[in-house]
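Heads up: the structure comes next, in structure tokens.
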Amino acid sequence: MRVLVTGGAGFIGTNLVRRLLSEGQEPVIFDDFSSGLGSNVNDLDVRVIRGSLVDLEAVVGAAQGVVMRSCTSGHGDLSRVLSPTPLLHMKSTQLGR
Ligand SMILES: NC(=O)c1ccc[n+]([C@@H]2O[C@H](COP(=O)([O-])OP(=O)(O)OC[C@H]3O[C@@H](n4cnc5c(N)ncnc54)[C@H](O)[C@@H]3O)[C@@H](O)[C@H]2O)c1
């Protein structure tokens with residue numbers, strides 16, 4: 001399953017990405033690197049999209065065909081904004097299932 005991990009270069013996001021990889025999933029990182037570090041993701045064999053959650057076009061583009069997991073703060077429930085996309089699930093700052 002392809003999973004978009006917003007905030008995927010941060011602490012929780014990076015750990016979630018590693019967990020998803022260990023489960024054979026296909027995580028995609030979406031992060032603006034405002035606090036996340038390239039060194040957190042350089043060793044990960046995943047697609048990294050540099051973009052901000054405040055850029056709706058970028059988010060909608062990145063969210064095509066993925067399940068979303070959010071590991072950022074203060075952005076509320078994006079599922080309302082993204083309802084036309086194949087958004088299956090989104091839970092803020094949730095690690096695991
Ligand atoms: N680390 C913890 O132990 C912990 C515990 C409970 C809750 N939380 C909450 O979980 C969330 C993530 O925590 P963390 O420790 O992983 O933080 P973090 O700062 O390490 O990661 C947040 C990531 O989100 C990215 N980001 C921020 N704004 C963005 C935007 N507009 N668009 C795209 N990416 C953006 C940052 O670049 C960063 O990579 C926070 O809301 C935090 O308060 C963290």
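Coordinate-derived values only; no laboratory data. As the structure is a prediction and not an experimental result, all values here were calculated from the model. Cβ coordinates were reconstructed from backbone atoms using ideal geometry, including for glycine residues, and neighbour counts include every protein chain displayed.
Worth a mention:
- Ordered by the number of other Cβ atoms lying within 10 Å of each residue's own Cβ, fewest first, 60, 66 fall into the sequence 60, 66.
- Of 6, 14, the sequence from fewest to most neighbouring Cβ atoms within 10 angstrom is 14, 6.
- With K and R counted +1 and D and E -1, the other residues having a Cβ less than 13 Å from that of residue 34 yield a net charge of -2.
- Burial ordering of 32, 43, fewest other beta-carbon atoms within 10 Å first: 43, 32
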